[in-house]
1. Taking region 96-113, which residues are in contact with a helix residue (DSSP H, G or I) (Cβ under 8 Å, 6 or more places away or on another chain) and surrounded by fewer than 24 Cβ atoms within 10 Å (Cβ to Cβ)?
2. Taking the stated definitions as given, is PHE79 under 19 Å from ILE17 (Cα atoms), exposed (fewer than 15 other Cβ atoms within 10 Å of the Cβ) and out of contact with any His (no Cβ under 9 Å at 6 or more places or on another chain)?
3. Which of the residues belonging to region 46-72 are touching a residue at least 40 places away in the same chain (Cβ under 8 Å) and surrounded by fewer than 19 Cβ atoms within 10 Å (Cβ to Cβ)?
4. For ALA213, state whether it is small (Gly, Ala, Ser), touching a strand residue (DSSP E or B) at 6+ places or on another chain (Cβ under 6 Å), assigned to a helix (DSSP H, G or I) and closer than 23 Å to THR97 by Cα.
5. Kindly indicate the residue of region 82-92 that is of a type outside the set (D, E, K, R) and outside any helix (DSSP H, G or I) and also surrounded by the fewest Cβ atoms within 10 Å (Cβ to Cβ) among those meeting that condition.
6. Tell me, which residue of region 96-111 that is out of contact with any strand residue (DSSP E or B) (no Cβ under 8 Å at 6 or more places or on another chain) and touching a residue at least 40 places away in the same chain (Cβ under 8 Å) is nearest to ASP135 (Cα to Cα)?
7. Just to be sure I understand, how many residues within region 16-44 are modelled with pLDDT under 90 and hydrophobic (A, V, I, L, M, F, W, C)?
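The values are calculated or read from the model by the stated rules, or taken from the named source; none is laboratory data. Quantities reported herein were computed from a predicted structural model and do not represent experimental measurements. Cβ placement follows ideal geometry from the backbone for every residue including glycine, while neighbour counts extend to all protein chains displayed.
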Amino acid sequence: LKPGDTIVEPTSGNTGIGLAMVAAVKGYKLIVTMPEDMSLARRDLLARYGAQVVLTPAIEGMTGAVYAAQELVGKPQHFMCQQFENPANPEVHRQTTAVEVLEATEGRIDAFVAGVGTGGTITGIGEVLRRKLPDLHITAVEPERSPVLQGGRAGVHAIQGIGASFVPGILNREIYNEIIAISDKDAIEMSRRLCAEEGLLVGISSGANVVAAIQVAKRLGEGKRVVTVLCDTGERYLQMEA
């Protein structure tokens with residue numbers, strides 16, 4: 001990445017917003033490609049930071065957004081971070097989020113549950129936890145309507161941030177013990193419950209993580225500690241219909 005370059009990135013929201021913040025400060029132009037069914041709040045926030053948003057057909061999922069970004073990055077002075085392939089993605093979780101989890105729990109964890117978008121979270125955190133806790137049970141979460149990790153067909157779903165419609169290159173598929181598929185309905189309902197009952201305004205993928213974590217906790221039984229991640233804010237979904 002050089003001064004004067006244009007950053008291009010396919011994203012369902014969070015990575016694009018982070019890049020937009022940095023691009024605004026550093027003076028880079030940013031073009032974000034994303035499926036057209038992503039929330040309006042995400043698009044508006046990206047535009048507010050000065051990013052150009054290119055929408056791709058919802059039916060193509062993140063695959064369509066990736067293809068669109070690849071076409072754009074072929075132009076001179078265009079650079080793509082490639083969050084689905086970039087080893088820096090899981091590495092930052094190894095160095096930060098995983099350490100936070102271990103410190104917060106004093107290393108007493110029986111299971112770890114995380115949704116798979118790029119695969120960076122479950123790969124980075126999972127690898128560190130597995131080294132410390134060899135018997136840890138790790139669960140990957142994906143949308144019921146797009147069970148790609150389980151060998152199913154990609155489909156349109158409402159759990160924005162996970163279920164990219166392909167298997168990400170940085171995902172360590174050896175790190176998890178099982179995959180749980182969560183329905184749109186359950187994920188949305190849980191995100192609303194977390195706000196109403198716990199005061200946590202989180203997004204739909206966070207709801208999916210908690211639904212799966214509760215399933216794992218019920219199986220493990222009383223006295224076990226299950227950790228998951230609330231990885232997005234519900235403010236980006238307030239305009240979505242029920």
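1. Taking region 96-113 as the starting set, the residues that turn out to be in contact with a helix residue (DSSP H, G or I) (Cβ under 8 Å, 6 or more places away or on another chain) are 97-99, 101-102, 107, 109-113.
Within region 96-113, THR97, ALA98, VAL99, VAL101, LEU102, GLY107, ILE109, ASP110, ALA111 qualify.
2. On the way: under 19 Å from ILE17 (Cα atoms): yes; exposed (fewer than 15 other Cβ atoms within 10 Å of the Cβ): yes; out of contact with any His (no Cβ under 9 Å at 6 or more places or on another chain): yes.
So PHE79 fits the description; yes.
3. Selection gives ALA58, ILE59, GLU60, THR63, LEU72.
4. yes
5. From region 82-92, those of a type outside the set (D, E, K, R) are 82-84, 86-90, 92; that's our starting set.
After this cut, where a residue has to be outside any helix (DSSP H, G or I) as well, the list is 82-84, 86-87.
Working: GLN82: 20, GLN83: 24, PHE84: 23, ASN86: 17, PRO87: 13.
In this case the residue turns out to be PRO87.
6. Going through region 96-111, the residues out of contact with any strand residue (DSSP E or B) (no Cβ under 8 Å at 6 or more places or on another chain) turn out to be 96-100, 102-104, 106-108.
From what is left, the residues that are touching a residue at least 40 places away in the same chain (Cβ under 8 Å) are 97, 108.
Numbers: THR97: 20, ARG108: 12 Å.
Within region 96-111, the match that is nearest to ASP135 (Cα to Cα) is ARG108.
7. 3
Results for (1) more than 28 Å from TYR67 (Cα to Cα); (2) buried (at least 21 other Cβ atoms within 10 Å of the Cβ); (3) out of contact with any Lys or Arg (no Cβ under 6 Å at 6 or more places or on another chain), shown as yes or no for each residue.
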| position | (1), (2), (3) |
| --- | --- |
| GLY115 | no, yes, yes |
| LEU133 | yes, no, yes |
| ARG145 | no, no, yes |
| ARG153 | no, no, yes |
| VAL156 | no, no, yes |
| ASN172 | no, no, yes |
| ASN177 | yes, no, yes |
| ILE204 | no, yes, yes |
